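What follows is a structure written as structure tokens; I'll ask about it next.
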Amino acid sequence: MGEPEVPYVDVLLVGAGFASFTLLNRLRKQGLSVSIYEKGSASGGIWHWNCYPGARVDSDTPIYQLFDKELWEDFTFQERYAGWQELRRYFKHIEKKWGVEEHIEYHKHVDGASFDEKTHQWRVDCSDGSEISCRWFIPCIGFAARHYTPPVKGLSNFQGQVYHTAVWPQHGVNLKGKRVAQIGTGASGIQVAQEIGDSVKHLTLFMRTPNMCLPMNQRKLDPKEEERKKANGDYEKAFNDTRGTFAGFTYDFVDRNTFDDTPEQREKFYHKLLVEEGGFRYWLNTYKDMLFDQAANDEAYKFWRQSVLKRIKDPEKQRLLAPEVPPHPWGTKRPSLEQRFYEVVDQDHVDIINVNEDPIEEVTETGLRTKKGLVEMDVLVLATGFDSVTGSLGQLNIQGINGGTIADHWKNGLKTSMGIAMPDFPNMFFLYGPQAPTAFSNGPSCTQFQAEFVEEILKRAQAEGITRIEATPEAEEDWTKRMHERWDATLFPLAKSWYQGANIPGRKVEPLNWAGGMVEYTESLHKSMDNDYQSWKTA
Ligand code: N01
């Protein structure tokens, strides 16, 4: 008896979220056979895993969805910022509308892959022992597929429950009336705290860096109004607008520097962005020098701080949450969008401990001991984030043609060609990963533009009989140099952020996301195929 035959598809996509759904629909229209392997039990990508209390997206309607009329014609989001339940309903809608379920296999955890130089195909292994071959191997696993738990001494001694926000139990957890301690105040931590803060018996927030949150200005959407907007072409316009902006939102930095305006004009402008409009506008629709010039940035911090101080009564909490001297330039760590966060944590039954002033020493059977004392708790919430951006792909045993895994390829520093491919890894593209606009973008915009490029390159390959495509080492070197240049021109290097891997002790600190904006990014992708595939080797 010979070896059992390994199944084959033209394209294997890993992960069932925005990126892979966009690609699936485009590539199957080209006549390619396409499968999606998803390790979870349902589609939704991050929204399958992100089901902690209060989890919702920080991009507003309509741009946080696939840019496809067929889909938005008969699905209308109910809130300006959709929550995880609604986003899951949206994924069900896509599945039904596009009939994609037959392409997806759930509980398929891709462990590793290697490229066959003879057949120009990838052989992909899964943790259930199965294998599959494919011509094009496209991980779409995002930047948050590997969560991070800090090495807190004694964690396993705790007799209560411990939950990490990134792998929150799908059946939910009842925290009402409980004494909860929470480590972390990033995007996940802010949302959990404001959601559970009113109903728990006691909440202690262990904070390392204050989050410079922005008001979300959440609201219910009027279905009739949304239908009117659709009929008017407003949705199409919004999607088109995302193509011309830095972060793939509908708005961009204004063409003015901070000190071009008088103090009165500035105050009015800041108020409009922060208080009247809300969302990310104070970050991404502001003066064009805010993220580049320290004095300009200080002005933004001053205004932000004053507006937050007005919302907190407790002077100690004012000091902790909006200190006079900021820990980093404003907006160089991801600002969370909040709803009542400051009011919720200002209550007497909520304590905030800055772990830089009062470090965590250990977890005991009943609580968390800091230098100053023991905090008794029933439940510990870890909102401690991810081995972000590179951790997702870097954890897989994907072998390059010259030996070594992706992690080996990056051992002396992160390098990719345009944040979408790498030499030594032919016929492999990755979406929403390292050295792309990823964390500096609206997710569906980034994946849409990357998917358009992959569609284009595979279309050409099909038409020209090309079976192997690989980024050149020169293209990788050039992109990595540009990555650093764009990053170094900003104030981002001054923050200890996950944007540069500084959240994990011992990890190399380097830029992980493209800071040159979406427009330059997409232009670079498409130009790379000019002059007979100038940035690619083909065979
Ligand atoms: O993770 P994070 P996240 N001791 O890394 C703290 C996206 N996202 O899950 O700031 C004490 O931001 C850490 O402190 P510090 C979004 O892009 C989006 O919240 O590093 N504290 C920080 O406060 C987001 O930015 C949405 O000093 C420790 C927190 O833990 C990204 O995912 C929702 C510590 C980790 O925050 C990551 O968000 C959720 C230690 N040893 C996520 N180690 C939405 O769109 C870590 N911390 C709404």
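The values are calculated or read from the model by the stated rules, or taken from the named source; none is laboratory data. Keep in mind it's a predicted model, so treat the numbers as computed, not measured. Every residue, glycine among them, receives a Cβ derived from its backbone with ideal geometry; neighbour counts consider all protein chains shown.
For segment 171-191, name all the residues that are outside any strand (DSSP E or B), near the ligand (Cβ under 9 Å from one of its atoms) and either surrounded by fewer than 19 Cβ atoms within 10 Å (Cβ to Cβ) or hydrophobic (A, V, I, L, M, F, W, C) (or both).
Within segment 171-191, Ala187, Ile190 qualify.
Please verify whether Lys481 is over 20 Å from the mean Cα position of the chain (by Cα) and not aliphatic (A, V, I, L, M), treating the condition exactly as stated.
yes
Please specify each residue of segment 387-418 satisfying the condition of being surrounded by 23 or more Cβ atoms within 10 Å (Cβ to Cβ) and more than 16 Å from the ligand (Cβ to nearest atom).
Once the filter is applied, which keeps residues that are surrounded by 23 or more Cβ atoms within 10 Å (Cβ to Cβ) and more than 16 Å from the ligand (Cβ to nearest atom), segment 387-418 yields Leu393, Ile398, Ile406, Thr416, Ser417, Met418.
Would you check if Gly248 is in contact (Cβ under 8 Å) with a residue 40 or more places away in the chain and touching a Ser or Thr at 6+ places or on another chain (Cβ under 9 Å)?
So Gly248 passes the test.
Applying the selection to segment 503-522, what residues are surrounded by fewer than 21 Cβ atoms within 10 Å (Cβ to Cβ) and more than 16 Å from Phe440 (Cβ to Cβ)?
Result: Ile504, Pro505, Gly506, Arg507, Lys508, Val509.
Answer with yes or no whether Leu23 is in a helix (DSSP H, G or I) and farther than 21 Å from Val389 by Cα.
No.
Still on this structure: Take Val389 and tell me if it is touching a Leu at 6+ places or on another chain (Cβ under 9 Å), of a type outside the set (Ser, Thr, Tyr) and over 27 Å from Ser528 (Cα atoms).
No, not satisfied.
Which residue pairs have Cβ atoms closer than 8 Å, lie 6 or more positions apart in sequence or on different chains, and pair a first residue in segment 379-397 that is within 14 Å of Gly142 (Cβ to Cβ) with a second residue that is assigned to a strand (DSSP E or B) and within 14 Å of the ligand (Cβ to nearest atom)?
The qualifying pairs are Gly385/His147; Phe386/His147; Asp387/His147.
Closer than 23 Å to Gly404 by Cα, within 16 Å of the ligand (Cβ to nearest atom) and either more than 27 Å from the chain's Cα centre (by Cα) or small (Gly, Ala, Ser) (or both) - does that describe any residue in segment 125-139?
No, segment 125-139 contains no residue that is closer than 23 Å to Gly404 by Cα, within 16 Å of the ligand (Cβ to nearest atom) and either more than 27 Å from the chain's Cα centre (by Cα) or small (Gly, Ala, Ser) (or both).
Residues of segment 300-327 being farther than 15 Å from Arg340 by Cβ, of a type outside the set (Asp, Glu) and free of Cβ contacts under 8 Å to residues at least 40 places away in the same chain, which ones?
Matches in segment 300-327: Lys302, Phe303, Arg305, Gln306, Leu309, Pro315, Gln318, Arg319, Val325.
Yes or no: Ala55 within 13 Å of the ligand (Cβ to nearest atom) and surrounded by 19 or more Cβ atoms within 10 Å (Cβ to Cβ)?
yes
Looking at segment 269-287 only, could you name the residues that are out of contact with any helix residue (DSSP H, G or I) (no Cβ under 9 Å at 6 or more places or on another chain) and either over 23 Å from Arg340 (Cα atoms) or of a type in the set (S, T, N, Q) (or both)?
Correct list: empty.
Give the residue that is nearest to the ligand (Cβ to nearest atom), with candidates limited to residues of segment 17-31 that are farther than 17 Å from Glu70 by Cα and surrounded by fewer than 19 Cβ atoms within 10 Å (Cβ to Cβ).
Among them, the one singled out is Gln30.
Continuing with this model, one more query. Can you tell me how many residues within segment 230-251 are surrounded by 18 or more Cβ atoms within 10 Å (Cβ to Cβ) and either more than 21 Å from the chain's Cα centre (by Cα) or part of a helix (DSSP H, G or I) (or both)?
Of the residues in that region, 3 qualify.
Condition test on Gln194, is it of a type outside the set (Asp, Glu), more than 11 Å from the ligand (Cβ to nearest atom), closer than 22 Å to Asn50 by Cα and surrounded by fewer than 21 Cβ atoms within 10 Å (Cβ to Cβ)?
Here the answer is no, as Gln194 does not meet what is asked.
What number goes with the only condition from (1) buried (at least 20 other Cβ atoms within 10 Å of the Cβ); (2) within 15 Å of the ligand (Cβ to nearest atom) that Leu155 does not pass?
Answer for Leu155: the failing condition is (1).
Please specify each residue of segment 273-298 satisfying the condition of being of a type in the set (Asp, Glu) and either buried (at least 21 other Cβ atoms within 10 Å of the Cβ) or in contact with a His (Cβ under 8 Å, 6 or more places away or on another chain) (or both).
Across segment 273-298, there are no qualifying residues.
Next up: Scan (1) under 30 Å from Gln65 (Cβ atoms); (2) in a helix (DSSP H, G or I) for the single condition Gln265 breaks and write down its number.
Every condition holds for Gln265 apart from (1).
Exactly one of these conditions fails for Glu357: (1) assigned to a loop (DSSP other than H, G, I, E, B); (2) touching a Leu at 6+ places or on another chain (Cβ under 7 Å); (3) within 16 Å of the ligand (Cβ to nearest atom); (4) more than 30 Å from Trp487 (Cβ to Cβ). Give me its number.
Only one criterion in (1) assigned to a loop (DSSP other than H, G, I, E, B); (2) touching a Leu at 6+ places or on another chain (Cβ under 7 Å); (3) within 16 Å of the ligand (Cβ to nearest atom); (4) more than 30 Å from Trp487 (Cβ to Cβ) is unmet by Glu357, namely (2).
Taking the condition acidic (Asp, Glu), closer than 24 Å to His164 by Cβ and either out of contact with any strand residue (DSSP E or B) (no Cβ under 8 Å at 6 or more places or on another chain) or at pLDDT 95 or above (or both), does Asp348 pass?
no
How about segment 318-340: which of its residues are more than 12 Å from the ligand (Cβ to nearest atom), on the phi < 0 side of the Ramachandran plot and crowded, with 18+ Cβ neighbours inside 10 Å?
If the condition is that a residue be more than 12 Å from the ligand (Cβ to nearest atom), on the phi < 0 side of the Ramachandran plot and crowded, with 18+ Cβ neighbours inside 10 Å, then Gln318, Leu320, Leu321, Ala322, Pro326, Pro329, Trp330 are the ones that fit.
Tell me yes or no: at least one residue of segment 197-209 is more than 30 Å from Val355 (Cα to Cα) and within 16 Å of the ligand (Cβ to nearest atom).
no
If you don't mind, there's one more thing I want to ask. Check whether at least one residue in segment 377-386 is of a type outside the set (Gly, Ala, Ser), closer than 30 Å to Gly517 by Cβ, more than 11 Å from the ligand (Cβ to nearest atom) and not in a strand (DSSP E or B), and report yes or no.
No: zero hits.
Being crowded, with 16+ Cβ neighbours inside 10 Å and either assigned to a loop (DSSP other than H, G, I, E, B) or within 16 Å of the ligand (Cβ to nearest atom) (or both) is the filter here; which residues of segment 472-489 pass it?
Answer for segment 472-489, where residues must be crowded, with 16+ Cβ neighbours inside 10 Å and either assigned to a loop (DSSP other than H, G, I, E, B) or within 16 Å of the ligand (Cβ to nearest atom) (or both): just Thr472.
Here's the yes/no breakdown for (1) without any contact (Cβ under 8 Å) to a residue 60 or more places away in the chain; (2) on the phi > 0 side of the Ramachandran plot; (3) not small (Gly, Ala, Ser):
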position: Arg89; (1), (2), (3): yes, no, yes
position: Lys97; (1), (2), (3): yes, no, yes
position: His107; (1), (2), (3): no, yes, yes
position: Gln121; (1), (2), (3): no, no, yes
position: Asp128; (1), (2), (3): yes, no, yes
position: Ile141; (1), (2), (3): no, no, yes
